[in-house]
Every structure is written in C-alpha cells, then in structure tokens.
1. Out of (1) farther than 22 Å from L537 by Cβ; (2) of a type outside the set (G, A, S); (3) within 42 Å of the chain's Cα centre (by Cα), what's the single condition that is false for K477?
2. Among the residues of region 308-337, write down those that are in contact (Cβ under 8 Å) with a residue 60 or more places away in the chain and in contact with a Leu (Cβ under 8 Å, 6 or more places away or on another chain).
3. Among the residues of region 381-391, count how many are closer than 20 Å to S345 by Cα and assigned to a loop (DSSP other than H, G, I, E, B).
4. Select from region 355-389 the residues that are exposed (fewer than 15 other Cβ atoms within 10 Å of the Cβ) and of a type in the set (S, T, Y) and list them in ascending order.
5. Go through the residues of region 581-592 one by one and say whether even a single one is assigned to a helix (DSSP H, G or I), touching a strand residue (DSSP E or B) at 6+ places or on another chain (Cβ under 7 Å) and touching a residue at least 40 places away in the same chain (Cβ under 8 Å).
6. D113: in contact with a Lys or Arg (Cβ under 8 Å, 6 or more places away or on another chain) and either in a helix (DSSP H, G or I) or within 23 Å of D163 (Cα to Cα) (or both), yes or no?
7. In region 166-238, which helices (runs of 4 or more DSSP H) lie fully inside it and hold 1 or more residues that are β-branched (V, I, T)?
8. Just name the residue that is surrounded by the most Cβ atoms within 10 Å (Cβ to Cβ) out of those in region 592-617 that are modelled with pLDDT of 70 or more and among the polar types (S, T, N, Q).
Amino acid sequence: MSLSTLTSSRAWTYFSERGEDALHAVKGAIGGSGSGKYLDIRDDKLVQVRTKLESTQDVDRLDGMKSVVAMISKGRDATPYLASVFKLSSTTSLEVRKLVYLVVLRYAPLHPDLALLSINSFQRDLTDPNPLIRGMALRTLSGIQIDAVSEIVMLAVSKAVRDPHPYVRRIAAFALTKCYDLDEEYYNRIVGSFQVLLQDRSPSVLGAAMSVFKDICHDRWDLLHRHFRKLCLALGDMDEWSQPLCIHVLTRYARANISKPSDEHVDADLELLLTSLSTLAASMNPAVVMAVVHAYDALLPERVPMVFPALLRLLRASPDVAYLATRSALALARAEKVDMVPVMSSFYVRASDPAYLARSKLRVLVCVSPSSHASVLANELGAYAHAPSIPLALDSVTALGILARRHGEVSELCLQLLMDLAQEAAIPTLVLSRAIQIIKALVRVSSPSMAATIVTRFCLRLFVPLARRGRSLDAPKIRILTDPASRASVLWMLGQYAELKVTGTSLLVLLVPDILRCLVAHWQKEHIQVQCQALTLSAKAYAHLSSVSDAHIRMAITVLHYEILHRASQSLNADVRLRARFYSGLTRGLSDTDEELEAAPTEDIRAYLASHQKLDLLRLPGVRLRRTQVQHILGAHDKIQSDEDFALSNDIFPTIQLRGSHASQLPDWSNPHTLLPAIVRAPDTNSIQQQDTWMENQRSISSDMFSKNQTSPEFVVLRPSTPSVPSGATSSTANARYKDLDSFLDEESESEDDNESIHIDHPAPEDDEYMLDSSGTEYDEDD
C-alpha cells in the first residue's frame, strides 16, 4: 500500500465518522431518536432497565443507561441499578461510557464502596488513545472525592498535566483544585503540576491553570513572574469563561508587582496588559466585558471612558446582565470616573424592565441628575411614579424628592407632580403614603402660599365630614386617607404650619378646631401613630392661642386640648401615655385659670374646665415655661437632611444582593522602592522544548495496557530562532542515526534504494499534522 493510499483511507474514515456524528446530532435535534420515551419512568417501564443493563448488546445497554439518567433527572432513586451501571465502566461503547461517568459522579459520595469497584477501569481509561475518554476518566476519577483514592487521583493528575492533548491537560488543571480539597498536604505537588501547566502553549490550558492559582496559591506571585507576558498575549485566545478569571488574576498581579502609573509614565508591562484588555471589550460574553471595565478601573481609571461604551452595550442584554452592568455604571458615576450626562437616556426605564433592574437604573439617574436635565428627569420620574410596579413607583416618588432637594429650580415642578399623583383615586395606598411623606419633607422649602394650599388639601381628606363640606352630592368623591403614616404626616404638617393663612384666615382658625373635634370623636379608632401626632397638634394649637382673637375658637381649642390629654392619659399604650404626660406638663403654665372659667360659655364647659384644673393641682409641681419657650420647643424645625440621609431615612432602593456582585479586595499598589525589577517578567527561553513521548508517560499509570515493543507516534515541535526539523524525523532520531560523517554519507547513498522501507513503518507526515492541529500544543522544556 502506498503512502498516498494509506493517507486517503485514513482521511475517508475520519470524515465518515464525523458525518455519522452530524447525522445523529440532527436526529436528536428533530426528535428522530425518540429520546422522549426515556422520560417515561413508570414502574412497569423500569422493570426492563436491569435486563437492558445486563445485556451484551451495546444498543440495549445504551437504552438502559438513558433510562437510569432519566430517573436521576426526575429525582428518582437509581441505587438499585448502581451495581449494573458500574460494571459497564469497562465497556467499549463511548456513548455508554459517557453516561456511566455521569452516574458515577452522582452516586460516588453516597456509595463509595461501589465507586471503588470502577477505579481500575478509570485507570485503564486514562491510557486510552482517545483524548475524550482520557479526559472523561480523569474528570470522573477526580470527582469521586473519596479519601481512599486520593493518592491515585493525585498520581493520575500529575501525569495528565503532561498529556499530549490540551483537552486532557485542561481537565487536569481543574482536577488539581479537587485534589487540594481531598488533602491539603498535596500542596507542594499541586504547585509543581501548576508550574508545568504554566509552561503550556495552549491558551485553553493556561486559562484553566488560572483557576488553580486563584483557589490554591493566589499570593504566590513568584510563580507568575516569568509567565506574565505570555498570559497577557494569550488572553485573547482563551475561552470566554477563563478570560474573566485570568483578567482578575493579572489585575491583582499588576497592582502588587508593577509600579503605579502616573500622568508621565506607564510601565511597559502594564501597557501590555491594558492593550490586551482593550481588544476584549468587544467580547460577546458580558462577564468578560465587565471584567475589562473593572480592570481598567483598578489599573488606570483615566482610561475607563475608552471601555465604558462596551459596558453600556450590556444594558440591551438580558435583565440580569443589565442589572449588573447598571450597578457597575453606578459605581463609576459615584466616583466621577466617567461623564454620564451624555448617556443618561440609556438608563431610562423601559416597560419591559423587571423591578430590580428599573430600581437600579433609578439609582443611576438620581446619582447623575445634572442641572441642565433636571426638568426632563423630573417629568421622567413623574411618569415612573404611575408604574404598575409598586416598588418602582415608591422609588420614583422618593427620587423626585431627592431631585427637588438637590435642584431648587425644579422643586415646584416636583411638588406639583407629587400633588397630582396624590390626587389620583387609583393610586396604591403605599405609593400615596410615600408621596405624602416626601411632600412633608419638601413643603418646608416651598413658598408659604403653596405650603398652606398643600396642607389644606390633605386635611380635608382626613375625615368624611370635612371632605363633603361645600361639595355637591354629584361631585366626585374625595379619597379619604386611611394609612396611619399618611394621617400622621398630615397632622404634623397642620401643626407645623398652623399659622399660615388661606384667603386671609390662618389654618389654626380655619381647620384645627374641626380636626381636633373629629380626632376626639374617633379617638379609639385611630392608630397609635396618629394618636401621638394628635397630641402634638393639640399642644401646638394650644401654644398659639394668643394669636387667635375669636374667643369661641380659643375656648374650643382649649376644651379639645384638655379632652385629648385626658383620653391619651388613659390609653393602654405606654408611648401615648408618656407623650400625654409630657405635653400636659409642657403646656401647664400657659393657661390662666380664672380667665378660662370666666370665658366659658356654658356651665357644663365651666364644670369641665374646673375638674381638669383640680386634677392638674394633684400633679407634682414642675418648671413652668413661658409661651414663647413652649412655641420654640414645639415648632422648632429639624435640620434639613442631606440627600444621602433623606434617601436612607425613606429606605430608597433596597437592592438584591448577589453573591460575587462586588469585586474581591484588590491589593494596594506596591511601594516603588520595594518592587522587583521588570527583568523578572522576562519569558523563560528554555521553556520551549520537546516533550517526552506520550506512551512513556502513561506506562507508569497502567502498564498492563501497553507492551514494551509498542511504538508511539512522535510529535514535531517548532523551535523559534532554531533551524526547523523535517517532518519525517525528530532531532533526537537524527542524532541517534548519524554518529559521524561517514555514516551519514553511507546512509545517503542507500536512501534512494530503500526510501520506502524506511518510512512505510513510521507515522505519515499527515498524522503528525492532525495531532498537532488537534492538540494545538507545543511542548515546553520542563514537561
């Protein structure tokens, strides 16, 4: 058979197998394989499972294994079939073996004795010519997590890090962490295997090795010195889920081992890392994009605007991704590292946004809120306040309050939007209560006329008789405030601004007597919070009686004040009783006993006042304050809160806390005087060397599968800056064949006669090419 015929035959076999795989994949996708029958795990169907598992036909075994996996996916116990399943670990069918590995990983911790029965078959699979089998066997062996086999697992992983195929070496990298979980005494051996992985030329293996560094030796910077530049260059070729991990490791390394950049100088190695990161900003993986943005923020914040558009692109991704991108943007906006004003519209809430994403966007809008866009943002927030989502509406109302405090020019607009919202009949009670509380905080910075109007409107909504006064029967009904927090806020506003005037009449004369009369009538129905505010309102009104000229109003407020104090002193709630005692002592010196008795219009009122005065005499004497002092105590304004205090006091934007949502602690920039020189990061030129043959490395694991006279394919390694080796032979073979010049000349003279006999028994050049393409690996010196 000629060399070309042999190569063609192998190529035909290869593409035929790939075509069969594609056909099976298509059948599975369209349902031609009938996979739905395996999900039918009724008892009558499960009777046949054991028979299929014990069958000698691979087709029946595969059906039986699929039924077992279906049982596991349904939450059924597959323990009765484990013995039969573990016996199939040595089968020659690849499909059956894949499912066996899944079942072993699932039940090995629960049934370690049965799992130990398949250890020998896994060891044999570690020497299988198929890298897929070797990889699956290593993954299963390392995932068993049984202390009795920890040494076997460590030995297998130590050999697998030198496997010729990157798929196996990548699995070996992940298995090192599992070995450390089995026994921490393997630390030194794990570090040695990790150093071998760092010398690998495959980006996928390097990415997996970074997980070992992060989990086991995250502070051993000496292991990365020689490989830092290689990792930076290989970063773009790693798989997309290894890239974020590697970016984090390289970022921590740069902060701990590279000088901090300045306006005049940026270290060359740091510039290399930033250049590699800039190309990853266009990645389709959101985790990579966010890792790049965080790395720029940690290494060179001045260049964050270069990658910030990539972060904005994530706002159009899924809600979960957009939420994390919004939180990252909020952190950058608070640190003022980017100009958010031009892109503020990107954070407007959409109708399809879930509540947690919408509230996170509100955080960004409130944080940015420039003066030039304050009115536009106020109208936008006013629209969000009508959202069907109650949490979003609550936060929008609070955001309006923050915006009004921060930008005085839009305070009236924000107040008007809140008043319009409070007047709606269909607004949820929680939103209405929050709106009244925000109005209560904003009313003190508004004009007196507007404050008086606002207080009057809300007071009329406290009781039904007041709401119906002066209105026709066919007029729209006014919604009564029933929420205790809303009613208490309105009573506080009435007492605080009782001296303001509406149409020339103060609220103390216009509203307070009627409000106190209704409170006395409904005292037992009122909430404790409302009763406390009613006591405050009564005390403030009584303290300002000197400004009331109408004797009837003065007498009405006096009698109502005494009645409220009496009812509160008999309350079952201690807070109400204590507050009644405090206000009684505070206002005791404001009354003139003789004048009150003389001004009483009827005998009943005079008798009531006399009885109250007798009770007052029985109390212990105390310091009596002047009226101006009492007014100052009761009417003093609290200090104006800052935006942050205002937000926290109203519980603005409680966000969900996701594990890992915050970046882990980064090391501080190192002292320039203690840094190692940049030459420590020079790549190791001796790391490029031909690796030992694969068969020699595997005989130490299981020598039963291979005889000593077996030959193994030899791999070609391209040496940079050295003469290339012909594909038909290696340098070691050439050195063994030609001892001196005479033997070389003798061999050359005979080459034409027996050229075919020399090469026909060796692997074809195309075989080496396939192996190189499939592995994508060049071997290093220490492997």
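1. Among (1) farther than 22 Å from L537 by Cβ; (2) of a type outside the set (G, A, S); (3) within 42 Å of the chain's Cα centre (by Cα), K477 violates only (3).
2. Just the residues of region 308-337 that are in contact (Cβ under 8 Å) with a residue 60 or more places away in the chain, to begin with: 324, 327.
Of everything in region 308-337, just one residue is in contact (Cβ under 8 Å) with a residue 60 or more places away in the chain and in contact with a Leu (Cβ under 8 Å, 6 or more places away or on another chain), namely L324.
3. Going through region 381-391, the residues closer than 20 Å to S345 by Cα turn out to be 381-387.
Pick out the ones that are also assigned to a loop (DSSP other than H, G, I, E, B) and you get 385-387.
Residues that pass the stated criteria total 3.
4. Across region 355-389, the qualifying residues are S371, S372.
5. The first filter runs over region 581-592 and keeps only residues assigned to a helix (DSSP H, G or I), leaving 581-586, 588-590.
Narrowing further to those that are touching a strand residue (DSSP E or B) at 6+ places or on another chain (Cβ under 7 Å): none.
Scanning region 581-592, I find no residue that is assigned to a helix (DSSP H, G or I), touching a strand residue (DSSP E or B) at 6+ places or on another chain (Cβ under 7 Å) and touching a residue at least 40 places away in the same chain (Cβ under 8 Å), so the answer is no.
6. Values: in contact with a Lys or Arg (Cβ under 8 Å, 6 or more places away or on another chain): no; either in a helix (DSSP H, G or I) or within 23 Å of D163 (Cα to Cα) (or both): yes.
Judged against the criteria, D113 is not a match.
7. Working: elements: 166-182, 187-198, 203-215, 228-234.
Correct list: 166-182, 187-198, 203-215.
8. Only one residue fits best here, namely Q613.
The values are calculated or read from the model by the stated rules, or taken from the named source; none is laboratory data. Remember, it's a predicted structure, so these values are computed and weren't measured experimentally. FYI the Cβ positions are ideal-geometry reconstructions off the backbone, even for glycines, and counts take in every protein chain you see.
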